[in-house]
Amino acid sequence: MKGFIIKEFYHIFRDFRSMIVLFGMPVVQVLLFGFALSTEVKNAPVAIIDHSNDQVTRAITSKLLSSGFFILSDEVHGEDHIEEVFRHGKVKEVIIFESNFASNLEKDRQAAIQVIADASDPNTANLLVNYTSAIVADYQQEYMKGLSLPVAITTESQMMYNPALKSVFMFVPGVITILLMLITAMMTSISIAREKEMGTMEILLVSPMRPMQIIAGKVIPYVLLAFANAVTILLLSYFVLGMPVKGSLLLMLAESLLFIVMALSLGIFISTVSKSQQMAMMLSMFALMLPTILLSGFIFPIENMPLPLQLISNIMPPRWFIIIVKSIMIKGLGFQYIWKETLIIAGMTLFFIALSVKKFKIRLE
Amino acid sequence: MPTNSSIIACNITKRYGEKLALDAISFDVQKGELFGFIGPDGAGKTSLFRIITTLLIPDNGSITVEGLDTVKDYVKLRKILGYMPGKFSLYQDLTVEENLRFFAGIFKTTPEANYNLVKDIYSQIEPFKNRKAGKLSGGMKQKLALSCALIHKPEVLILDEPTTGVDAVSRIEFWEMLAKLRANGITIVVSTPYMDEASRCDRVALIQNGSIMDIATPEGIRSNYKRDLWAVKAYDIYRLLIDLRKFKSTWTAFPFGENIHLSLKNENTNPSEIVAYLQAAGHQNVQVSKIEPSVEDCFMELMQGVKSE
């Protein structure tokens, strides 16, 4: 058993590709998702068409432009030109104030701002519209309180307008989940498939080792390495991306460990049904990666999915782990709030281990 | 049941879908015997060895090794088997020493405990013990694989084509090592596509298309060859073969190195008739001499018999 584990470590540490996947990928992915793919938008060119041009619209305009998200592009001189500037891509968003804005607000207690965004890049458009409405909402509050309390508002807007952090909050739990899932499941399934391909599995089978021992010998090194990985990702997101861990760190690590074991047992299951390294790789990629990304609620909210997909997402282990990570890291909740999700993952773990031990062939066919 | 039998196989049949890999094979191997399966690629040797080593279940028939059934008693049997699969199944990225230690470890022993058994073989590769197995030559890989298969002191050693892909010198050395192991009382079953290795075995089974054609000592197999055999030599060997096959009284003609081994339908044919025929066909330096049949000749003859049936 001990010899088996040592051997497995030799395999990993001597294979350049394994090392890259194990240690390079997590760092790169976290940083990529954290920085490059952050949905923060800065200095987006906007055009403002002000039919009113009173003190309120000017105040809102200056508030928008001073936010840092927008810079004024004075290309548009009327509604007729909007489509044209969008087509040229010079402007990402056009803000139109209705005429008599200030007096409408005073008399009717309501005034309208039209926001038109270039939705050819839906994410950016979505964000810009959100920023705009948030800034306007902020101004509205300010307006209602009267102009005598401007100091209190500045600190509040700082909190609200930090979308860069917000995107990290969204991505880190998803990235942790995907990485742990992929690395552990893929690496174990490939390493078992490699034994089959190299013919060494034949010798392992013609030895007194029991299936459980072979599986354990394969899994233990990866549990340790994947756990080291989880810690690395957490450290990176904490120190580099500024992601807080509001809940118990110990609980977070324990849940990660559980999820790793789940992913490993899934990997073993994949290897029992695949004959070659290629097949194991394809299975882990397509059977794990895509559903993990698409159906776990990482990118697309589960509530918005059609019912059949919502049902399928229930059997996606990452779905539950993302809930756990978000609960602990962002909401700071304790175990009493996530025991259900934990139980589901534990159940899946047992299921896959039982299935793998059963499917693990004691012979060649 | 004779108590000195190590392996007893009875009517082993194995199919892969439609294809019949082994067709009701029966044989027995004595304790301490060096037993060879000789036949070309695809004859069914590997399937048979995988059944002996509990890796496959036969569709029909049964094998016992040291009294243990390969299907029912596989757990016990796996402890006393040493198996070297057709490919050198070593961990390429582990060093020589790490490989040996690992394979000893999975049998719950250490290289030191049974060192005397592998000493002769392992000492030859020990100077390279820190080299990765993937970087060894074919002959050294083979020695390492044998050491790994022996390190837990098996009672029965199963070697699937151990000399395939190994240079001629290493092949000779390898058979010398097997002879020494046999002297230690280990039962050895080995397969090979090389007919010339048959004489190294105590007994051989000639296997072709999933059937055993003959089981005997190498001498026994040779003595089963009933015809006279002639080695024919001439300047243009290719044309010689074509002309000999056209010769009216030719039974078989096969190229063997620089000779053509010729057997004749009519036992009373005089060698001078062959020479006359060949010279008439324009061959130069024709030499004809009577030779003793080798195992390969017998194999060819047996195959000829199967075809003409």
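Taken together, the values in this text are just the output of simple stated rules run on the coordinates, not laboratory data. Source: prediction; values computed, not measured. Cβ coordinates were reconstructed from backbone atoms using ideal geometry, including for glycine residues, and neighbour counts include every protein chain displayed.
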What is the gain in length, in nm to one decimal, between A:Ala137 and A:Ile49 on full extension, counting 0.36 nm per residue of separation less the C-alpha to C-alpha distance? 29.8 nm
Can you give the Rg to Rh ratio of chain A, both from alpha-carbon atoms, with Rh computed by the Kirkwood formula? 1.12
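Roughly how compact is the protein assembly as shown, stated as its Cα Rg over 2.2 N^0.38 Å to two decimals?
Working: Rg = 38.6 Å, N = 674, 2.2 N^0.38 = 26.1 Å.
In units of the globular-protein estimate, the protein assembly as shown measures up at 1.48.
Return a whole-number percent for the relative contact order of chain A, with Cα pairs under 8 Å and 6 or more residues apart as the contact set. Don't skip to the answer; put the middle values down first.
On the way: 454 pairs, mean separation 68.9, N = 365.
About 19 percent, as a whole number.
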Order of A:Glu93, A:Glu8 under a 10 Å beta carbon neighbour criterion, fewest first: A:Glu8, A:Glu93
Full extension from B:Gln30 to B:Asn184: what is 0.36 nm times the residue separation minus their Cα-Cα distance, to one decimal in nm? 54.0 nm
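Distance cut-off 21 Å, Cα to Cα: go down the list A:Lys2/B:Lys108; B:Lys87/B:Lys119; A:Lys218/B:Lys108 and report the pairs above it. Working shown, then result.
On the way: A:Lys2/B:Lys108 10 Å; B:Lys87/B:Lys119 23 Å; A:Lys218/B:Lys108 17 Å.
Pairs exceeding 21 Å: B:Lys87/B:Lys119.
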Given the pairs A:Lys196/B:Lys14; A:Lys196/B:Lys143; A:Lys361/B:Lys132, which are separated by over 24 angstrom at their Cα positions? A:Lys361/B:Lys132
Summing -39500 (n - 2.57) over the DSSP H runs of n ≥ 4 in chain A and dividing by its residue number, what mean residue ellipticity at 222 nm do you reach, to the nearest 500 deg cm²/dmol? -20500 deg cm²/dmol
Which of B:Ile291, B:Thr250, B:Ala231 sits closest to the plus end of the dipole of segment B:229-292, meaning its Cα is farthest towards the positive end, when Lys and Arg get +1 and Asp and Glu get -1 on the C-beta? B:Thr250
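Shielding by partners for B:85-95, please: the mean number of other protein chain Cβ atoms within 10 Å of each residue's Cβ. Can you show the working numbers first?
Details: counts 6, 2, 5, 3, 8, 4, 8, 4, 7, 5, 2.
Taking the mean over all residues of the peptide, I get 5.
Just add up the charged neighbours of A:His51: K/R +1, D/E -1, any other residue whose Cβ is under 11 Å from the Cβ of A:His51.
Numbers: positive: none; negative: A:Asp50, A:Asp54, A:Glu79, A:Glu98.
Taking every Cβ under 11 Å from that of A:His51, the sum is -4.
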Once phi is turned into ³J(HN,Hα) by the Karplus curve 6.51 cos²θ - 1.76 cosθ + 1.60 with θ = phi - 60°, what whole-Hz value does each residue of segment A:324-333 show in order, with x for glycine and proline? 4, 4, 4, 4, 6, 6, 8, 8, x, 7
Calculate the FRET efficiency for B:Lys19 and A:Ala228 from the Cβ-Cβ distance with a Förster distance of 41 Å, rounded to the nearest 0.05. 0.25
Segment B:102-193: equivalent-ellipsoid semi-axes (sqrt of 5 x gyration tensor eigenvalues, Cα, Å): 19, 17, 12
Among A:Asp118, B:Asp23, rank each residue by its count of other Cβ atoms within 10 Å, from fewest to most, as a rough exposure measure. B:Asp23, A:Asp118
Among A:Glu202, A:Glu341, which comes first, second and so on when ranked by fewest other beta-carbon atoms within 10 Å? A:Glu341, A:Glu202
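Relative contact order for chain B: what percent, with Cα pairs under 8 Å and sequence separation of 6 or more?
Numbers: 564 pairs, mean separation 58.5, N = 309.
With pairs under 8 Å counted, the relative contact order is 19 percent.
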Find out how many positive minus negative residues lie around A:Pro221, taking Lys and Arg as positive, Asp and Glu as negative, among other residues whose Cβ is under 12 Å from that of A:Pro221. +2
Taking 2.2 N^0.38 Å as the expected size of a compact globular protein, what ratio does the Cα radius of gyration of chain B give against it, to two decimals? 1.15
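With r as the distance between the Cβ atoms of B:Thr217 and A:Leu257 and R0 = 56 Å, compute the FRET efficiency 1/(1 + (r/R0)^6) and round to 0.05. Before the final figure, lay out the partial values.
Values: r = 63 Å, r/R0 = 1.12.
About 0.35, to the nearest 0.05.
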What Kirkwood hydrodynamic radius do you get for segment B:125-251 when you take the inverse of the mean 1/r over all pairs of distinct Cα atoms, in Å? 17.8
Quarter of the Cα convex hull surface for segment A:191-271, i.e. its orientation-mean projected area (nm²): 6.5
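Rounded to the nearest 0.05, what FRET efficiency do B:Asp202 and B:Asn268 give with R0 = 25 Å and r taken as the Cβ-Cβ distance? Could you check? Display every interim value, and only then the final one.
Details: r = 37 Å, r/R0 = 1.46.
Computed FRET efficiency for B:Asp202 and B:Asn268: 0.10.
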Space enclosed by the convex hull of the alpha-carbon atoms of segment B:229-292, per residue, Å³: 72
